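Novice: Got a structure for you, written out below as structure tokens; questions coming shortly.
The values are calculated or read from the model by the stated rules, or taken from the named source; none is laboratory data. The model shown is predicted, which means the values in this text are computed figures rather than measured ones. Heads up, the Cβs are rebuilt from the backbone with ideal geometry, glycines too, and the neighbour counts pull from every protein chain shown. Just the protein is used for accessible areas: all its heavy atoms, side chains included, with ligands, DNA and RNA removed. Shrake-Rupley method; radii C 1.70, N 1.55, O 1.52, S 1.80 Å.
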Amino acid sequence: MPSEPLETFYGNLHAYKMYTRPTAQRLFGSYSFRKRSGTKHHENVQKMLEILALNGTLTTWGMAKTHLDKTEGIRTKEKEYRRLLVGRMARGKHTMGLLEVGLVVKDGKSFAKAPADQYRLSLHGILYCLDVLDLSDKQIDTMAEKYANVLPMVFEKWKDLKANIGNEVYRLKNLASGLFMDNIQIAKISNFPVYELMTYLNVKYQNNFEQISEEDLANQISIWFYTNLLVPTKFRTTGKHSSLEIKQWKKIIQKDPKIKKWYYDFVNEAIKFYNNRFNKLKKLEKN
């Protein structure tokens, strides 16, 4: 975790969907530069984000060294990365950089030579990379390894999760694309209380639109991830899971004591919330 307070502020998943994601897509691109050509600025930003995704925490010098050898070229590229981080002035107007938008955060300092700030992706940055950069499954696996301490309940368990559910782990890309699975229609395709849990998840963090701690946002993302696994991979006329899918889900949740306690603590919070709402409904009958 960061060794000093983060200078970047960002909000909950609703803030990601309504502010960070559209802002980042407008400033840095809504599709990968590898899929179709766009502006050079979009390409430069996306290449930098990909470096952070695949390498983890780095200084600007370290970012440049990942693909350059000569000192002069590294120094030039480092200056470019600094501009991308803090933004730029164009025609007298400030354009936001990666730090201000909230895709990158400072993560301590390196003292390898002169003291230098280190940077890594924020949780919003991880989601943007999953949404836009068109990363391969192998690259996503690498990012999960590099950012295991940032999203521990998912990325620290990534290898075990893949061993149990295979490519279903990449459902995280659905969240990155803004699909929250909190629509009432979800109730029709699963016998499990996915809609109720997702709705409570939004309620739990509803006051964190403008700012949220990284730990709380990691929890919100992680709860979404495990709850989303209850949604059928293939919609059937019955809207039910196969027994195999349920067995896999229970195996994931119950075989790890830490995940089991953490997830069911959330479920119990949701039960308490809905019981309280139900009691308020009952009072209407008495009044």
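Novice: For residue 212, list long-range residues whose amide hydrogen, built 1.01 Å from N in the peptide plane, is under 5 Å from its own amide hydrogen.
Specialist: Counting only residues 5 or more places away or on other chains, the set is 10.
Novice: Where does the chain land at 222 nm, in deg cm²/dmol rounded to the nearest 500, when only DSSP H runs of n ≥ 4 count, each adding -39500 (n - 2.57), divided by all residues?
Specialist: Only helices count here, giving -16500 deg cm²/dmol.
Novice: Suppose we look only past 16 Å in the calculated P(r) of region 34-112. What percent of the Cα-Cα pairs does that tail hold?
Specialist: 54 percent
Novice: Hey, can you grab everything whose amide H is under 5 Å from the amide H of residue 108? Only 5+ residues off in sequence or another chain; H modelled, so Pro and N-termini drop out.
Specialist: Those lying under 5 Å, H to H, from residue 108 are 3, 4, 118.
Novice: In square angstrom, what is the accessible area per residue of region 77-213 with a 1.4 angstrom probe?
Specialist: Ligands and nucleic acids excluded, the figure is 48 Å² per residue.
Novice: Can you send over the carbon and sulfur percentage of the accessible area for region 37-92, probe radius 1.4 Å, protein chains only?
Specialist: In region 37-92, the share of accessible area belonging to carbon and sulfur is 49 percent.
Novice: So how do 209-216, 123-130, 221-228, 154-161 stack up, highest first, on mean other-Cβ count within 10 Å?
Specialist: Going from most to least packed, we get 123-130, 221-228, 154-161, 209-216.
Novice: Oh, and also: When only C-alpha pairs under 8 Å and at least 6 residues apart count, what is the relative contact order of the chain, in percent?
Specialist: 20 percent.
Novice: What lysines does residue 173 reach when the alpha-carbon gap must be under 16 Å and sequence neighbours fewer than 8 apart in one chain are set aside?
Specialist: Correct list for residue 173: 17, 138, 162.
Novice: Could you tell me the convex hull volume per residue, in Å³, taken over the Cα atoms of the chain?
Specialist: Spread over its residues, the Cα hull of the chain gives 172 Å³ apiece.
Novice: Also, I was wondering about something else. Solvent-accessible area of residue 18, probe 1.4 Å, all protein chains present, reported in Å² to the nearest ten, please.
Specialist: The accessible area comes out at roughly 110 Å².
Novice: A follow-up question, please. Over region 39-117, what relative contact order in percent results from Cα pairs under 8 Å that are six or more residues apart?
Specialist: It rounds to 20 percent for region 39-117.
Novice: Still on this structure, I have one more. With the full set of protein chains in place, find how many percent of the accessible area of region 247-287 is carbon and sulfur; take the probe as 1.4 Å.
Specialist: The nonpolar share, carbon plus sulfur, comes to 55 percent.
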